[in-house]
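Just so it is clear, none of the values below were taken in a lab; they were calculated from the coordinates. Quick caveat: nothing in here was measured; it's all calculated off a predicted structure. Note: ideal-geometry Cβ built from the backbone for every residue, glycine included; neighbour counts use all protein chains shown.
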Amino acid sequence: MKIATYNVNSVNARLPVLLRWLDEARPDVVCLQELKAVQENFPEQAINDAGYSAIWHGQKAWNGVAILSRGGNISERRRVLPGDPTDEHSRYIEAEVDGIVIGCLYLPNGNPAPGPKFDYKLSWMDRLITHAAELLSSGMPVVLTGDYNVIPTEQDVYKPENWINDALFRPETREAFQTLLKQGWTDAIRKLHPNDRIYTYYDFFRNAFGRDAGLRIDHFLLNPQLESRLRAAGVDRHVRGWEKTSDHAPVWMELEH
DNA sequence: ATGTCCTGCGTGGCAGGA
């Protein structure tokens, strides 16, 4: 089973790129972030025609998350991260596909930091940590994947000294991510590629992709039941070089059966 | 500070987010 995550940065602006990549990569399940579309503007027909069923949670202008499944059933579990009934951002959707719980998340960027946006990011991470602990106790195989907007270590950024005060790399952000990992989650990409330079995002500015000036901020976190099934993982880096592409590249992992 | 690309608003380019 191949599961992918892709921050599309507008699902409609990216539709040709998304369809081309789906046809090429043929993932079984795909988590999308940054739909930038209201609920009724999700391109459901085109996704269906490509062979996928989908659930999604849209929002005007920003955010928005979706889970696509090829062939198999997709059973929605929730479309809100618990812990703050006043939070209106569409940043989390969770489903069960073939016995696996799939949490698709778009963690707040948090810049500028410090400030209210950074506070929101940290409180969202607290809520994620709480929810992740509940998922761990469920006994089911679980993956939490998406755009974490977290650079976990210096290894995951082309020039760490430029990012010290950025919300994606600040100590509070990295500590919260480590707190999450220590619950018992495995970073699938790092587990299989401990020493490689791997990026999933390149700024649209300053020819970042051409200079390989990237960040690794899209992650797969696996609980122990799923980690034992992990066989391969990687980034479809070339997709970042296509015309009218997103600033993120698709990331994927393959599980045994 | 800069750079680019997206959306909304609403028809011409800004403002805001990333």
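For (1) under 20 Å from residue A:87 (Cα atoms); (2) buried (at least 19 other Cβ atoms within 10 Å of the Cβ); (3) among the basic types (Lys, Arg), each residue gets a yes or a no:
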{"residue": "A:105", "(1), (2), (3)": "yes, yes, no"}
{"residue": "A:109", "(1), (2), (3)": "yes, no, no"}
{"residue": "A:120", "(1), (2), (3)": "yes, no, no"}
{"residue": "A:128", "(1), (2), (3)": "yes, yes, no"}
{"residue": "A:170", "(1), (2), (3)": "no, yes, yes"}
{"residue": "A:173", "(1), (2), (3)": "yes, yes, no"}
- Pairs, please: C-beta under 7 Å, at least 6 apart or cross-chain, first residue in contact (Cβ under 8 Å) with a residue 12 or more places away in the chain and buried (at least 19 other Cβ atoms within 10 Å of the Cβ) and in the stretch A:206-229, second among the polar types (S, T, N, Q) and outside any strand (DSSP E or B)? A:216/A:200; A:217/A:149; A:217/A:200; A:218/A:200
- List pairs: first in the stretch A:1-15 and of a type in the set (Lys, Arg), second in a loop (DSSP other than H, G, I, E, B), Cβ under 8 Å, 6+ apart or cross-chain? A:2/A:26; A:2/A:27; A:2/A:28; A:14/A:8; A:14/A:244; A:14/A:245; A:14/A:246
- Message: Of everything in the stretch A:47-65, what is within 21 Å of residue A:97 (Cα to Cα) and either in a loop (DSSP other than H, G, I, E, B) or within 14 Å of DNA strand B (Cβ to nearest atom) (or both)? Give them in sequence order.
- Response: A:50, A:51, A:58, A:64, A:65
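Just to check your reading of the model, which residue among A:236, A:212, A:166, A:187 is within 16 Å of DNA strand B (Cβ to nearest atom) and acidic (Asp, Glu)?
One residue alone meets the criteria, A:166.
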- Task: Could you tell me whether the stretch A:11-26 includes any residue that is in contact with a Gly (Cβ under 8 Å, 6 or more places away or on another chain) and part of a loop (DSSP other than H, G, I, E, B)?
- Result: yes
